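**Q** Can you keep this structure in mind? I'll have questions shortly.
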Amino acid sequence: MRSKKLALGIVNLTGKSRINSVSKIIVCLLLLLTLPVSVVTESQEGAIAQTQSGEERKQEKLELQELLRLSRLGLEQYNKSQYREALETFQKTLAIVRKIKEGSAEAAILNKIGHTYLHLEKHSDALEYFQQALTVSKQIGDKVLEGSNLNDTGLVYDRLEQYTKALDFYQQALAIRKQIGDKAGEGTTLNNIGLVYYNLAQYPKAFEYIQQALAIRKQIGDTAVGRTILNNAGSFYDRLGQYRKALELYQQALDISQRIGDKAGEGATLHDIGSVYRNLGQYPKALEFSQKALMIRKQIGDRAGEGSTLGNIGNIYLSLGEYSKALEFYQQAREILKQLGKKVEEGSTLANIGSVYQSLGQYPKALEFYQQALALLPQISEQKEKGTIINNIGEIYRKLGQYPKALEFLQQALTIRKQISDKLGEGFTVNSIGSVLLQLRTIL
C-alpha cells in the first residue's frame, strides 16, 4: 500500500495592491483546488456569485464561471478516481487560467494535473507537470506551492524507487516548509523521508524521521494531514512487524477521520487495520475491518480504494485457504484496476491470482498469470514485487521437476533481492537454489 502524501497550501494574494473581483474568484478557485470538494460550502458559492455580478464585461464573467465549474467538476472526477476524465477537465481549466494570467492558480492546477498523471502511473508526465508547477511557483515567489511541488516531485522519484533523487527533493521541500512555518507540510515531508529510509533498510534513520513527523502531528492536532502522518507511521510499524504499535497509530488516525468527517481517510485506515489483523492471523477481524472499508469506499465513489480493498479481502481468503472466494474478490479488484489504468496494482492482483492457482497445484494457469503480472510491472520499479513473482515461477518449475528452468528463475530472483537488500526474501531464494542444485546433482 502506498499512502497519499500531499499537503497543498492556500496561496496568499493579499500582497497585491488591490483585491479585485478576479482575485476573489481566484481565491475561491484555489479553495476548490486545495480543499476537499465537500468543504466548499453554499456560502462560498454565494460569494462567488456576488463577485461575478459586479463584473463589467460579460465575457470575463462567463470565463470565470466556467473556470470555477470546471475546477469543481475536475475535483469531483478526481475524488471518484475518474482520472482520465479529470485530466481532460483540468487541461481545460489550465487553458482559462493561463489566458487570465493568474500564476498562483496556474501552479495549483499544474500540480493537480501532476497528481492525476501519478494516479495513472504516467510518471514522466507527472514529473513534467510538477516541474512546470515548480517553475511557476518560483517565478511568483510562492513558497507554499514551491514546497508542495518539491515534495511531490520527490514523491514521483519515490514511486520509481529512485530514492537518492527522492531524498534530494524531499530535503529541499523540508527546508522551505521549515522556513515558512508550514507545519502540516513539514510533517508530511518528514513522513515521506522516513518511509524512503525504510525502503533503503536504514531503519534507525527511518525511525528518527517518523518520530519527528509524529511530534509535529501533536502540534497540528486533528487535521487530515495529521491523520495521514499517523497512518503512514502505522504503515512503518506494520512493515517492521510491530503490529500492536501499528494498530495503536491506525486507531488514532481512524479516530481523527471520524471526528473531522474525513470519509476517504476513514476508509483508508480501516483498510490498513484489516491488513494488520490479516498479518496477525486474526482473519475474522481482518474481514470485519476490510468490509467496513469497502462499504465506505463504495459510498464515496473511491474506485481506486474499492479495488485495493477488494484485493485485500482476496488476500484474507487466500490466507484462509478459501481459494474460490479469493479468486472472486481478486477478479473484481482486477476489473476495477484495469478500468482505472492502474497497471502496477493490476499486476499485483494478477500475481495474487497466480498464487491461488499455484496453491491449487494448477501450475500452467499460475505461470500464465505470473507472466501477465510481470508484463504490467514497470521496468525500473516494483523490484520487490518482481523478485517475488520470479521466485514463485522458479518454485513452480522446481515442483514440476524442470530444474534447469527453476535454477534460471531463482537466480534472477536472487539477483533482484540482493540489489534491493531484501534479506528475508534472499534467504528463501538461496534455500530454494540449494534444493534445486541438490536435485541436479542427484540426477547427474
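The values are calculated or read from the model by the stated rules, or taken from the named source; none is laboratory data. Note that this is a predicted model, so its numbers are computed, not measured. Note: ideal-geometry Cβ built from the backbone for every residue, glycine included; neighbour counts use all protein chains shown.
**Q** How many residues, within the stretch 100-131, are closer than 14 Å to Glu85 by Cα and either touching a residue at least 60 places away in the same chain (Cβ under 8 Å) or in the same structural domain as Ala304 (by TED's automatic domain parsing) (or both)?
**A** Total satisfying the criteria: 4.
**Q** Being farther than 26 Å from Leu337 by Cα and crowded, with 24+ Cβ neighbours inside 10 Å is the filter here, so list the residues in the stretch 119-133 that pass it.
**A** Residue satisfying the conditions is Ala133 alone.
**Q** Select from the stretch 89-118 the residues that are closer than 17 Å to Glu128 by Cβ and among the charged types (D, E, K, R) and write down the one among them that is surrounded by the fewest Cβ atoms within 10 Å (Cβ to Cβ).
**A** Among residues in the stretch 89-118 that are closer than 17 Å to Glu128 by Cβ and among the charged types (D, E, K, R), the one surrounded by the fewest Cβ atoms within 10 Å (Cβ to Cβ) is Arg98.
**Q** Let me ask another. Condition (residue is over 33 Å from the mean Cα position of the chain (by Cα), surrounded by fewer than 20 Cβ atoms within 10 Å (Cβ to Cβ) and on the phi < 0 side of the Ramachandran plot) applied to the stretch 409-420: is it met by at least one residue?
**A** Checked the stretch 409-420: no residue is over 33 Å from the mean Cα position of the chain (by Cα), surrounded by fewer than 20 Cβ atoms within 10 Å (Cβ to Cβ) and on the phi < 0 side of the Ramachandran plot.
**Q** Anything in the stretch 233-260 that is out of contact with any Ser or Thr (no Cβ under 8 Å at 6 or more places or on another chain) and either more than 22 Å from Ala206 (Cβ to Cβ) or outside the structural domain of Thr188 (by TED's automatic domain parsing) (or both)? List them, or say none.
**A** Asp255, Gln258, Arg259
**Q** Looking at the stretch 173-215, which of its residues are more than 20 Å from the chain's Cα centre (by Cα) and of a type in the set (Val, Ile, Thr)?
**A** Selection gives Ile176, Ile180.
**Q** Would you confirm whether any residue within the stretch 189-202 is among the hydroxyl-bearing types (Ser, Thr, Tyr), in a helix (DSSP H, G or I) and at pLDDT below 90?
**A** Within the stretch 189-202 (the criterion being among the hydroxyl-bearing types (Ser, Thr, Tyr), in a helix (DSSP H, G or I) and at pLDDT below 90), the answer is yes, since at least one residue qualifies.
Results for (1) under 19 Å from Ile220 (Cα atoms); (2) hydroxyl-bearing (Ser, Thr, Tyr), shown as yes or no for each residue.
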{"position": "Arg244", "(1), (2)": "no, no"}
{"position": "Ile256", "(1), (2)": "yes, no"}
{"position": "Gly265", "(1), (2)": "yes, no"}
{"position": "Ser275", "(1), (2)": "no, yes"}
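**Q** Could you grab me the full set of residues in the stretch 226-242 that are surrounded by 19 or more Cβ atoms within 10 Å (Cβ to Cβ) and either farther than 17 Å from Thr188 by Cα or not small (Gly, Ala, Ser) (or both)?
**A** Correct list: Arg227, Thr228, Ile229, Leu230, Asn231, Asn232, Phe236, Tyr237, Asp238.
**Q** While we're here: Does Tyr397 satisfy being in contact with a Leu (Cβ under 9 Å, 6 or more places away or on another chain), within 28 Å of Arg159 (Cβ to Cβ) and in contact (Cβ under 8 Å) with a residue 12 or more places away in the chain?
**A** No.
**Q** Quick one: which residue in Glu328, Glu322, Glu345 is in contact (Cβ under 8 Å) with a residue 24 or more places away in the chain and either touching a Ser or Thr at 6+ places or on another chain (Cβ under 6 Å) or acidic (Asp, Glu) (or both)?
**A** Unique residue meeting the criteria: Glu345.
**Q** So which helices (runs of 4 or more DSSP H) stay within the stretch 352-444 end to end and still have 1 or more residues that are out of contact with any strand residue (DSSP E or B) (no Cβ under 7 Å at 6 or more places or on another chain) and β-branched (Val, Ile, Thr)?
**A** 383-399, 403-419, 423-443
**Q** Right, another one. Filter the stretch 280-302 down to the residues that are out of contact with any helix residue (DSSP H, G or I) (no Cβ under 6 Å at 6 or more places or on another chain), in contact (Cβ under 8 Å) with a residue 12 or more places away in the chain and part of a helix (DSSP H, G or I), then identify the one that is surrounded by the fewest Cβ atoms within 10 Å (Cβ to Cβ).
**A** It comes out as Gln299.
**Q** For the stretch 283-299, indicate whether the set of residues that are at pLDDT below 95, closer than 23 Å to Leu374 by Cα and not assigned by TED's automatic domain parsing to the domain that holds Gly234 is non-empty.
**A** Scanning the stretch 283-299, I find no residue that is at pLDDT below 95, closer than 23 Å to Leu374 by Cα and not assigned by TED's automatic domain parsing to the domain that holds Gly234, so the answer is no.
**Q** A follow-up question, please. State yes or no: is Ala333 buried (at least 23 other Cβ atoms within 10 Å of the Cβ), assigned to a helix (DSSP H, G or I), modelled with pLDDT of 95 or more and touching a Leu at 6+ places or on another chain (Cβ under 6 Å)?
**A** Yes, satisfied.
**Q** Give the residue, chosen from Ile396, Ile353, that is at pLDDT 95 or above, over 27 Å from Lys342 (Cα atoms) and surrounded by 15 or more Cβ atoms within 10 Å (Cβ to Cβ).
**A** Ile396
**Q** Name, by its number, the condition in (1) without any contact (Cβ under 8 Å) to a residue 12 or more places away in the chain; (2) not in a helix (DSSP H, G or I) that does not hold for Lys218.
**A** (2)
**Q** A further question on this structure: Looking at (1) aliphatic (A, V, I, L, M); (2) out of contact with any Asp or Glu (no Cβ under 8 Å at 6 or more places or on another chain); (3) free of Cβ contacts under 8 Å to residues at least 40 places away in the same chain, find the lone condition where Leu340 falls short.
**A** (3)
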